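> Encoded as structure tokens, here's the structure I'll be asking about.
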Amino acid sequence: MDERWARGIAAYASQFGLPEEEVFGHLSSRFGERMAAEAVQAAGGAWEPDSPLSLRDRSLAVLTALAAQGGVEERLRPHVRWAVEHGATRAEIEGLLAFLAVYIGYPRASVAIEVARRELDGLE
């Protein structure tokens, strides 16, 4: 297993709360082996440890991207939890999503903040 693959597996294990040995099977069952392999490789590159962005900053960027896309609430939920694990606070997450209403539109931002608040409530 190369380093990038290992980082991708570790990233998804952390995000999904799964043991590392179950990650590829979990992704494969949902998306097929080809897409699972692509996802693991992509995550391994995105979450490398020597990035100039902190894990917290990258998590907030992912929340921004998902909120902007809209219709990806299922993907947004674990990233809210992961952002908290990476050091983001409830106030920062809610503030970010409220701020985004200006740039991505109120409908998408309001759905994102509803999802985030439900997830954050579950963490308290």
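> Might you let me know whether segment 78-91 holds any residue that is farther than 27 Å from Tyr103 by Cα, open to solvent by 30 Å² or more (accessible area, probe 1.4 Å), modelled with pLDDT under 95 and touching a helix residue (DSSP H, G or I) at 6+ places or on another chain (Cβ under 7 Å)? Explain how you work it out, then say what you get.
Going through segment 78-91, the residues farther than 27 Å from Tyr103 by Cα turn out to be none.
Taking every residue of segment 78-91 in turn, none turns out to be farther than 27 Å from Tyr103 by Cα, open to solvent by 30 Å² or more (accessible area, probe 1.4 Å), modelled with pLDDT under 95 and touching a helix residue (DSSP H, G or I) at 6+ places or on another chain (Cβ under 7 Å).
> Among the residues of segment 9-31, count how many are open to solvent by less than 80 Å² (accessible area, probe 1.4 Å), at pLDDT below 95 and not aromatic (Phe, Trp, Tyr).
Total meeting the criteria: 7.
> What's the number of the condition Gly70 fails, among (1) in contact (Cβ under 8 Å) with a residue 40 or more places away in the chain; (2) in contact with a Lys or Arg (Cβ under 6 Å, 6 or more places away or on another chain); (3) buried (at least 16 other Cβ atoms within 10 Å of the Cβ)?
(3)
> Another question about this same structure. Scan (1) open to solvent by less than 60 Å² (accessible area, probe 1.4 Å); (2) at pLDDT below 95 for the single condition Ala36 breaks and write down its number.
(2)
> What is the one condition in (1) of a type in the set (D, E, K, R); (2) within 19 Å of Gly8 (Cβ to Cβ); (3) open to solvent by less than 50 Å² (accessible area, probe 1.4 Å) that Glu94 does not satisfy?
(2)
> Only one of (1) more than 24 Å from Ala13 (Cβ to Cβ); (2) in contact with a Leu (Cβ under 7 Å, 6 or more places away or on another chain) is not met by Leu63, so which one is it?
Tallying (1) more than 24 Å from Ala13 (Cβ to Cβ); (2) in contact with a Leu (Cβ under 7 Å, 6 or more places away or on another chain), Leu63 fails exactly one: (1).
> Could you pull out the residue among Leu53, Leu60, Leu123 that is at negative phi and at pLDDT 95 or above? Break it down into steps so the answer makes sense when it comes.
Values: Leu53 fails: at pLDDT 95 or above; Leu123 fails: at pLDDT 95 or above.
None of the others qualify; the one that does is Leu60.
> Need the failing condition index for Tyr103 against (1) part of a helix (DSSP H, G or I); (2) modelled with pLDDT of 95 or more; (3) surrounded by 15 or more Cβ atoms within 10 Å (Cβ to Cβ), just the number.
(3)
> Continuing with the same structure: Going through segment 24-38 one residue at a time, which ones are part of a helix (DSSP H, G or I), more than 10 Å from Trp5 (Cα to Cα) and of a type in the set (Gly, Ala, Ser)?
Passing the criteria: Gly25, Ser28, Ser29, Ala36.
> Then there is this: Got a number for residues in segment 39-62 being under 14 Å from Arg4 (Cα atoms), open to solvent by less than 60 Å² (accessible area, probe 1.4 Å) and assigned to a loop (DSSP other than H, G, I, E, B)?
Within segment 39-62, residues that are under 14 Å from Arg4 (Cα atoms), open to solvent by less than 60 Å² (accessible area, probe 1.4 Å) and assigned to a loop (DSSP other than H, G, I, E, B) number 2.
> Please go through segment 1-44 and pick out each residue that is of a type in the set (Phe, Trp, Tyr) and within 19 Å of His79 (Cα to Cα).
Taking segment 1-44 and keeping what is of a type in the set (Phe, Trp, Tyr), we get 5, 12, 16, 24, 31.
Hits for segment 1-44 are Tyr12, Phe16, Phe24, Phe31.
The values are calculated or read from the model by the stated rules, or taken from the named source; none is laboratory data. In this text, all values refer to a predicted model and were calculated from it rather than measured experimentally. Using ideal geometry, Cβ is built from the backbone for each residue, glycine included, and neighbour counts are taken over all protein chains shown. To get the accessible areas, we keep the full protein, side chains included, count just its heavy atoms, and leave off ligands, DNA and RNA. Shrake-Rupley method; radii C 1.70, N 1.55, O 1.52, S 1.80 Å.
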